[in-house]
Amino acid sequence: MAQQRRIQLSTQRPTSTVCVLGTELSLDVCGSAPKDAVAFHVQGTPGVKLYVVHETQSVKLPSSVGRWPLAAGTEVLLAMDALSKDVGDEKVRISYFREAGGVPVGRAMLYLTCVEVSLDADTSRSGAVSRTLVDKTTWTWGPDGHGAILLVNCDRDDPKAEMPDNRDTAVRSYADLKDMSQMVLRTRGPRTIFAGHRLVLHMDFGDADKVGVFYGGNSVALEEYKHVLGGSKLAYAVKPSRHQEESIFYVEGLAFPDIGFPGLVAFHVTLLESPEKGLLETPIFTDTVVFRVAPWIMTPNTAAPLEVFVCSVDNNEDFVAAVGAMAEKAKCPLTVCPLPENRKDRWIQDEVEFGYVQAPHKTFPVVFDSPRDRGLKDFPVKSILGPDFGYVARQAPEGTSSLDSFGNLEVSPPVTVQGKEYPLGRILIGSSFPRFGGRRMAKAVKDFLFAQQVQAPVELFSDWLQVGHVDEFLSFVPAPDRKGFRLLLASPSACYQLLKEKQEEGFGETAMFEGLEQVPKPTINEILANEGLRKFNNYVQSCISWNRDILKRALGLAEPDILDIPQLFRGNVAEGAVAFFPDMVNMLVLGRHLGIPKPFGPLVGGQCCLEQRVRTLLEPLGLTCTFINDYFSYHVLSGEVHCGTNVRRKPFAFKWWHMVP
């Protein structure tokens, strides 16, 4: 339905007004009628479309009816579909008549000027701004959806700047402008009309800290771009150029969707009419366009690797070399965070999570900085944030726990669950549920993850672990069949079954941890006879089985989609579980190349039986297994290969706005 405005007429003097292209004017024919008039006749010049609404019927003029009764509910509607060449070049005349009179008892004249005022953005999501017939005031999901998209401008295009671009009110480079979304104000019609009216671009108070708007007028010089909306600036008076019909504004997101902010932001342009001196301006037309701020999106293990990160510390030269060799096999660049930058903090997986943001016109990676803030706390800002590499963080004012580290933040590959598609996968986080009390992820981090909407999070039970991270008992690897991946779960049951097999084959006296100095070397017989260890691993298996059931329901998995990786844990219920030998599911996945913690299992026929079983499970999927010795550099510190590495991966080919959350 077209935007409509009521116009008061007068038989004492002519009335002049503006009709905006695409809108309707409703003429108050009864309000201006002489006292004894009972009927009216209306006619207009060729550029005006006239309709009389009488007794719920709309009749286009001219018609066979010459005069219309001045009855309650009768109104005259008009529209114009061509721009005026001059001010007041179209007109409408209303003549009023008595009961049987042939001579009008009064006439009301209306002079009209048709102009175009339109606020547009890339609502069709094509990568360019164009006028469309879709409703700009709404935003809809799906492949047939519409609505403009805004990126949080959280990179740092100027290397000299100290903070991300969304924390200043300046345009520092043309690259900065390219991160922003265009919003175009079109004004067409006689230019003198705009001299007598005011155009105001404005936004809602509640959105002012979520977006910023820049405008350079007719100039392309960087220094001419001024911050015109956002913060304390809620309105900006636009002066249309005499020579240009379009004014281009650049819009940047300042904040990601979060608790209390669903991500939708509206901008309005209002045409104000100036009445007689001493009176306030009155709005005669408003156009609105709605943007959605693009979410932060995680990438799963199965996505192609683009860059591998690892920290160099005092005793991990061999580990760094092994990770570098894997990266070379995967044809993936390696970034080593040196000791002065990591400050003896080797757990780079716990500090950050790599993701990305995407709009039709631009995609760039964004690193999510965890609230753990240990030795690596400055690394994301100092070494990762930069041109086309964004940064976002959340703090935990209530204090942090180990569950706030991002080893406790994973995402599945794309899945379909009972007909519901999750084309970007589902985020997986660890919690103390179903245990009463215990540790939980910080509210600010959890709220942020849920607010992104496109990777509906699933809470798993991880508080049974001493460290408490989901990457200690699960991982995903690519596969050529079924759903395109396998879920790997640590399995004490599978480990006991394997060790029992080897015992029955006569290898019961074969020991673990051969080649490691000053490490106890229990035999298979000793492990199987250790009732305390078995009971504890029965408990661990029950915790993992609980998560297995959740994952099957939440990800739509069947048993053939899951592989059980032999693994034992030690510890107690009060203090939590840690890996008995290097935790093989805590692996580095670089395409088909897997960097797996070397378990130092019993040697059977010259080969580690744990490694052999894992190869048997994974190599038929086209995967290559490289076992990395992380025993003294990571395992004894309660972490493994995945904990000590991080990977930036290729964004999904699927566009997030095509999904229906």
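If you filter the stretch 404-413 down to residues that are touching a strand residue (DSSP E or B) at 6+ places or on another chain (Cβ under 6 Å) and not polar (S, T, N, Q), you find that the one that is nearest to ARG346 (Cα to Cα) is PHE406.
Can you go through ASN525, ASN530 and tell me which one is under 27 Å from LEU465 (Cβ atoms) and free of Cβ contacts under 8 Å to residues at least 40 places away in the same chain? Quick ask: steps written out before the conclusion?
On the way: ASN525 fails: under 27 Å from LEU465 (Cβ atoms).
Testing whether each residue is under 27 Å from LEU465 (Cβ atoms) and free of Cβ contacts under 8 Å to residues at least 40 places away in the same chain leaves just ASN530.
Scanning the stretch 306-315 turns up at least one residue that is in contact with a strand residue (DSSP E or B) (Cβ under 7 Å, 6 or more places away or on another chain) and within 30 Å of VAL660 (Cβ to Cβ).
Does the stretch 626-637 contain any residue that is surrounded by 22 or more Cβ atoms within 10 Å (Cβ to Cβ), without any contact (Cβ under 8 Å) to a residue 40 or more places away in the chain and of a type in the set (A, V, I, L, M, F, W, C)? Among the residues of the stretch 626-637, at least one is surrounded by 22 or more Cβ atoms within 10 Å (Cβ to Cβ), without any contact (Cβ under 8 Å) to a residue 40 or more places away in the chain and of a type in the set (A, V, I, L, M, F, W, C), which makes the answer yes. Screening the stretch 307-320 for residues that are open to solvent by 50 Å² or more (accessible area, probe 1.4 Å) and part of a loop (DSSP other than H, G, I, E, B) and picking the one that is nearest to THR626 (Cα to Cα) gives ASN315.
Looking at THR299, THR335, THR288, can you tell me which residue is closer than 27 Å to LEU428 by Cα, of a type in the set (Ser, Thr, Tyr), open to solvent by less than 30 Å² (accessible area, probe 1.4 Å) and under 33 Å from the mean Cα position of the chain (by Cα)? Give the derivation first.
Details: THR335 fails: open to solvent by less than 30 Å² (accessible area, probe 1.4 Å); THR288 fails: closer than 27 Å to LEU428 by Cα.
The unique qualifying residue is THR299.
The set of residues in the stretch 261-282 that are modelled with pLDDT of 95 or more and open to solvent by 50 Å² or more (accessible area, probe 1.4 Å) comprises PRO262, LEU264. TYR539 - would you say it is within 27 Å of ASP404 (Cα to Cα) and assigned by the TED database to the domain that holds ARG440? Answer is yes for this residue.
Quick check on the stretch 321-372: of everything there that is in a strand (DSSP E or B) and among the polar types (S, T, N, Q), which residue is nearest to LEU588 (Cα to Cα)?
Filtering the stretch 321-372 down to residues in a strand (DSSP E or B) leaves 334-337, 352-359, 362-369.
Cutting the leftovers down to among the polar types (S, T, N, Q) gives us 335, 358, 363.
On the way: THR335: 15, GLN358: 26, THR363: 25 Å.
Only one residue tops the list, namely THR335.
When the strands (runs of 3 or more DSSP E) confined to the stretch 46-151 are screened for residues that are out of contact with any Asp or Glu (no Cβ under 9 Å at 6 or more places or on another chain), modelled with pLDDT under 90 and outside the structural domain of VAL251 (by the TED database), those reaching at least 1 such residues are found at 57-60.
Given the options ARG592, ARG553, ARG548, name the one that is modelled with pLDDT of 95 or more, under 25 Å from LYS650 (Cα atoms) and either touching a Gly at 6+ places or on another chain (Cβ under 8 Å) or among the basic types (Lys, Arg) (or both).
Details: ARG553 fails: under 25 Å from LYS650 (Cα atoms); ARG548 fails: under 25 Å from LYS650 (Cα atoms).
Answer to the check: ARG592.
Here ALA396 clears all of (1) open to solvent by less than 30 Å² (accessible area, probe 1.4 Å); (2) of a type outside the set (D, E, K, R); (3) at pLDDT 95 or above except the condition numbered (3).
Do you know which residues across the stretch 31-53 are within 54 Å of the chain's Cα centre (by Cα) and either of a type in the set (Phe, Trp, Tyr) or surrounded by fewer than 16 Cβ atoms within 10 Å (Cβ to Cβ) (or both)? Selection gives GLY31, GLN43, THR45, PRO46, LYS49, TYR51, VAL53.
Every residue, every condition in (1) surrounded by fewer than 24 Cβ atoms within 10 Å (Cβ to Cβ); (2) over 28 Å from VAL323 (Cα atoms); (3) touching a Cys at 6+ places or on another chain (Cβ under 7 Å), yes or no:
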| site | (1), (2), (3) |
| --- | --- |
| GLU526 | yes, yes, no |
| ALA529 | yes, yes, no |
| SER542 | yes, yes, no |
| ARG553 | yes, yes, no |
| ILE565 | no, no, no |
| ALA574 | yes, yes, no |
| VAL578 | yes, no, no |
| GLY591 | yes, no, no |
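How many residues are closer than 21 Å to TRP296 by Cβ and surrounded by fewer than 16 Cβ atoms within 10 Å (Cβ to Cβ) when one looks only at the stretch 141-166? Result for the stretch 141-166: 2. Residues of the stretch 277-330 that are in the same structural domain as VAL265 (by the TED database), of a type outside the set (S, T, N, Q) and without any contact (Cβ under 8 Å) to a residue 60 or more places away in the chain: LYS277, GLY278, LEU279, LEU280, PRO283.
If I go through the stretch 199-228 residue by residue, how many of them are hydrophobic (A, V, I, L, M, F, W, C) and out of contact with any strand residue (DSSP E or B) (no Cβ under 9 Å at 6 or more places or on another chain)? Even if it seems obvious, please write down each step before you answer.
Restricting attention to the stretch 199-228, the residues satisfying the condition of being hydrophobic (A, V, I, L, M, F, W, C) are 199-201, 203, 205, 208, 211, 213-214, 220-222, 228.
Next cut, out of contact with any strand residue (DSSP E or B) (no Cβ under 9 Å at 6 or more places or on another chain) only: 205, 220-222.
Counting residues in the stretch 199-228 that are hydrophobic (A, V, I, L, M, F, W, C) and out of contact with any strand residue (DSSP E or B) (no Cβ under 9 Å at 6 or more places or on another chain) gives 4.
So, in the stretch 190-247, of the ones that are open to solvent by less than 80 Å² (accessible area, probe 1.4 Å) and assigned to a helix (DSSP H, G or I), which residue ends up modelled with the lowest pLDDT? The selected residue is GLY196.
Residue pairs, Cβ under 7 Å, 6 or more apart or interchain, first in the stretch 175-197 and on the phi > 0 side of the Ramachandran plot, second assigned to a strand (DSSP E or B) and surrounded by fewer than 21 Cβ atoms within 10 Å (Cβ to Cβ). List them. Within 7 Å, the pairs are GLY189/GLU116.
For LEU119, the test of being within 46 Å of the chain's Cα centre (by Cα), open to solvent by less than 70 Å² (accessible area, probe 1.4 Å) and touching a residue at least 24 places away in the same chain (Cβ under 8 Å) is passed.
The number of residues in the stretch 498-542 being under 18 Å from GLN612 (Cβ atoms), out of contact with any helix residue (DSSP H, G or I) (no Cβ under 6 Å at 6 or more places or on another chain) and part of a loop (DSSP other than H, G, I, E, B) comes to 4.
Can ASP561 be described as charged (D, E, K, R), open to solvent by 30 Å² or more (accessible area, probe 1.4 Å) and assigned by the TED database to the domain that holds ARG426? Before the answer, list the steps.
On the way: charged (D, E, K, R): yes; open to solvent by 30 Å² or more (accessible area, probe 1.4 Å): no; assigned by the TED database to the domain that holds ARG426: yes.
No, not satisfied.
For the stretch 1-21, the set of residues classified as part of a loop (DSSP other than H, G, I, E, B) and either free of Cβ contacts under 8 Å to residues at least 60 places away in the same chain or closer than 13 Å to ILE94 by Cα (or both) consists of MET1, LEU9, SER10, THR11, GLN12, ARG13, PRO14, listed by residue number.
Tell me, which residue of the stretch 167-188 that is outside any loop (DSSP other than H, G, I, E, B) and open to solvent by less than 30 Å² (accessible area, probe 1.4 Å) is farthest from THR363 (Cα to Cα)? Don't jump to the end; show me each part of the working.
Residues of the stretch 167-188 outside any loop (DSSP other than H, G, I, E, B): 167, 174-178, 181-188.
Imposing the further condition that a residue be open to solvent by less than 30 Å² (accessible area, probe 1.4 Å) reduces the set to 176-177, 181, 183-185, 187.
Working: ASP176: 13, LEU177: 14, SER181: 12, MET183: 18, VAL184: 21, LEU185: 25, THR187: 31 Å.
In this case the residue turns out to be THR187.
Since THR74 meets every condition but one in (1) open to solvent by less than 60 Å² (accessible area, probe 1.4 Å); (2) under 54 Å from the mean Cα position of the chain (by Cα); (3) in contact (Cβ under 8 Å) with a residue 60 or more places away in the chain, which condition does it not meet? Condition not satisfied by THR74: (3).
The values are calculated or read from the model by the stated rules, or taken from the named source; none is laboratory data. Here the structure is a predicted model, which means the values were calculated and not measured. When we count neighbours, we look across all protein chains shown, and the Cβ atoms used for this are built from the backbone with ideal geometry, even at glycine. When the accessible area is computed, the model is the full protein with side chains, heavy atoms only, and any ligands, DNA or RNA have been set aside. Shrake-Rupley method; radii C 1.70, N 1.55, O 1.52, S 1.80 Å.
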